[in-house]
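What follows is a short report on a single structure.
The values are calculated or read from the model by the stated rules, or taken from the named source; none is laboratory data. What you see is a predicted model, and the numbers here were worked out from it, not measured in a lab. Note that we place each Cβ from the backbone using ideal geometry, even for glycine, and neighbour counts take in every protein chain shown.
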Amino acid sequence: MSQVNNYDAVPYESFPFAQSHPARMSGMAKLFGVPAPSLAKARVLELGCSFGGNLLPMAMQYPDAQFVGADLSQVQIDYANKIKGELNIRNITFRQANILDLAKESEQYDYIITHGVYSWIPTEVQSAMLELYGKQLSANGVGYISYNVYPGWKMREVVREMMLFHVGHLIDHTTKLAQARAILQYAGKLHANNQAAFGRLMAEEANLLMRCSDSYIYHEHLEPNNRPCYFHEFVAASAKHGLSYLGESSLSDMLPDRHGADLANTARQISDGNIIACEQYVDLLTNRAFRQTLLVRADRAPSVQRALSATSFRDLHISAQLKATAVEPPLQTTKTSQPTAHAVYADVHGRQINANQAHAKVMIDTMVAASPYTVPFAQIVDAVAAFAKTVGLQLDAAQYVSSELAVLLGQGVATLYGEAMARPAIDSAKIAPYAHWHAGRGNVVTNALHGLVQLTPEQALAVKSDTQPNAAQLAELMNLGLLV
Ligand SMILES: C[S@@+](CC[C@H](N)C(=O)[O-])C[C@H]1O[C@@H](n2cnc3c(N)ncnc32)[C@H](O)[C@@H]1O
């Protein structure tokens with residue numbers, strides 16, 4: 001098959017995808033009221049795992065769980081096995097295998113992950129993938145599939161087809177890539193000052209792609225298969241294999257309110273309580289291009305509760321990647337009856353979050369103290385309840401925290417986990433072993449929360465060193481989530 005040669009010739013860079021971590025999947029399942037398997041002993045499968053950048057750190061994190069990574073490319077599987085050997089990981093198996101054949105097996109997995117594959121395979125392989133999920137997902141299992149969607153991909157297809165037309169006759173991968181970049185560059189320049197809708201879209205797409213890596217351009221755009229679909233088509237295809245839509249891997253990717261009250265109210269109203277229709281309207285009205293969808297077995301659909309309340313969050317853990325920023329406190333009026341505060345926080349994208357009530361500040365400070373690690377929902381509620389009691393404030397702390405949290409989650413400022421990824425005690429903290437290995441290969445490394453962090457050269461030296469960092473370095477690395 002052509003995919004074998006393409007991925008062997010231009011291997012895909014393999015990174016962790018925080019959003020595909022089973023603790024995130026179990027968090028979303030629990031939020032919607034359905035149980036999810038504990039990770040300690042889970043069985044996890046990743047299809048199209050490349051050379052294991054997503055699965056290897058998970059295997060190190062959960063030594064008693066079992067991981068299987070499968071990929072068509074022998075070159076990538078060989079490389080994955082080489083890394084597995086270097087790290088002496090025993091609870092992971094890498095297999096060179098075709099999804100078409102894997103679908104005929106009868107293994108059971110608690111979590112199945114496929115990132116960046118579904119849209120790039122022929123339709124019969126897409127359907128085999130869904131068949132595999134339908135058959136091999138355990139009773140309480142959760143599946144993750146990411147894929148390109150319309151309408152966002154309509155314009156991208158124009159750019160892809162322009163590149164394909166231009167390089168279609170070429171055989172050599174390097175020339176293909178160089179010529180794909182050449183036509184992109186020309187299109188970007190041609191439309192640089194074009195204010196018409198087509199010109200603006202073309203220039204934006206071309207300039208965006210020019211900044212991407214060779215492997216991204218090659219595999220995202222120059223592959224023979226790239227089949228975006230509408231969200232409702234994906235859901236219908238999954239249903240044929242006994243699967244039901246649970247949600248997206250991040251709550252912020254599925255609350256219509258993130259696009260404003262007008263669209264949220266309209267989408268809810270015209271979809272008449274049908275979540276699939278509501279999500280589809282939002283995609284259509286906002287030009288969505290990509291989804292990271294969670295699936296469960298269809299027999300679990302009746303138990304899914306999407307109305308959020310304090311109970312929805314009860315067993316969950318929260319990570320808020322916020323930092324307090326120094327601000328002058330404003331003068332308060334003497335008539336203020338509730339304890340006020342004026343605290344300002346910034347997230348990793350520089351977005352500002354304000355806490356203007358003292359109990360809101362307590363809530364956020366509790367999360368910031370653990371950040372980027374997780375803190376149990378119950379601990380946040382306890383902190384707010386204790387504060388309310390001290391100042392004589394009548395407050396249902398669980399209710400208050402859950403409604404404020406829903407806003408922070410919707411904004412993507414906080415993230416849900418089904419299991420703790422707790423801040424370790426500083427005295428016994430060690431550098432996460434995968435991060436230690438990763439830092440030996442570059443300054444962008446996988447942290448303990450399965451995210452990628454960019455290190456300064458000094459930080460990279462400390463992470464890859466075999467000696468224990470000093471106290472100041474430990475504090476710095478803790479804030480990057482690099483300690484366990
Ligand atoms: C775009 S890459 C994504 C890799 C990785 N999941 C990521 O997102 O970084 C697609 C991967 O799917 C693999 N693949 C394509 N067709 C496959 C098939 N039929 N069976 C198994 N793997 C396949 C390719 O070899 C390649 O590693």
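Some notes on this structure:
- Verdict on Pro469 being in a loop (DSSP other than H, G, I, E, B) and either crowded, with 20+ Cβ neighbours inside 10 Å or modelled with pLDDT under 95 (or both): yes
- Candidates Leu201, Leu208, Leu190, filtered to the one that is out of contact with any Cys (no Cβ under 6 Å at 6 or more places or on another chain) and crowded, with 17+ Cβ neighbours inside 10 Å: Leu201
- Conditions (1) over 16 Å from Val117 (Cβ atoms); (2) modelled with pLDDT under 95; (3) not hydrophobic (A, V, I, L, M, F, W, C): number failed by Gln66: (2)
- The lone criterion from (1) touching a Pro at 6+ places or on another chain (Cβ under 7 Å); (2) at pLDDT below 95; (3) not charged (D, E, K, R) left unmet by Tyr150 is number (2).
- Selection status of Ala324, touching a strand residue (DSSP E or B) at 6+ places or on another chain (Cβ under 7 Å), assigned to a strand (DSSP E or B), on the phi < 0 side of the Ramachandran plot and at pLDDT below 90: yes
- Residue pairs whose Cβ atoms lie under 9 Å apart, sitting 6 or more positions apart in sequence or on different chains, and linking a residue in region 85-100 that is not assigned by TED's automatic domain parsing to the domain that holds Ser73 to a partner that is within 16 Å of the ligand (Cβ to nearest atom) and part of a helix (DSSP H, G or I), do not occur here.
- Helices (runs of 4 or more DSSP H) enclosed by region 363-458 - at least 2 residues per element that are hydroxyl-bearing (Ser, Thr, Tyr), on the phi < 0 side of the Ramachandran plot and crowded, with 18+ Cβ neighbours inside 10 Å: 397-410
- Qualifying residue in region 134-151 (condition: part of a helix (DSSP H, G or I), hydrophobic (A, V, I, L, M, F, W, C), touching a residue at least 24 places away in the same chain (Cβ under 8 Å) and surrounded by 15 or more Cβ atoms within 10 Å (Cβ to Cβ)): no
- Look at region 15-41: where a residue is within 19 Å of Ala422 (Cα to Cα) and a partner is within 16 Å of the ligand (Cβ to nearest atom) and of a type in the set (Lys, Arg), sitting 6+ places away or on another chain with Cβ atoms under 8 Å, you get Ala18/Arg24.
- Applying the criterion of being touching a Ser or Thr at 6+ places or on another chain (Cβ under 9 Å) and polar (S, T, N, Q) to the residues of region 37-74, the residue that is farthest from the ligand (Cβ to nearest atom) is Ser38.
- Checking each residue in region 117-146 for being closer than 24 Å to Ala42 by Cα and of a type in the set (Ser, Thr, Tyr) picks out Tyr118, Tyr133, Ser138, Tyr144, Ser146.
- Enumeration of residues in region 126-177 that are within 15 Å of the ligand (Cβ to nearest atom) and of a type in the set (Asp, Glu): Glu131
- Meets criteria (at pLDDT 95 or above and under 29 Å from the mean Cα position of the chain (by Cα)) for Cys278: yes
- Flag if Ile77 is under 30 Å from His173 (Cβ atoms), more than 10 Å from the ligand (Cβ to nearest atom) and modelled with pLDDT of 95 or more: no
- Of the numbered criteria (1) touching a residue at least 60 places away in the same chain (Cβ under 8 Å); (2) surrounded by 20 or more Cβ atoms within 10 Å (Cβ to Cβ); (3) in the same structural domain as Gly141 (by TED's automatic domain parsing), the one Phe290 fails is (2).
- Test: residue in region 345-358 that is assigned to a strand (DSSP E or B), in contact (Cβ under 8 Å) with a residue 60 or more places away in the chain and surrounded by 19 or more Cβ atoms within 10 Å (Cβ to Cβ): yes
- There is no residue in region 92-99 that is farther than 21 Å from Leu39 by Cα, within 11 Å of the ligand (Cβ to nearest atom), buried (at least 21 other Cβ atoms within 10 Å of the Cβ) and modelled with pLDDT under 95.
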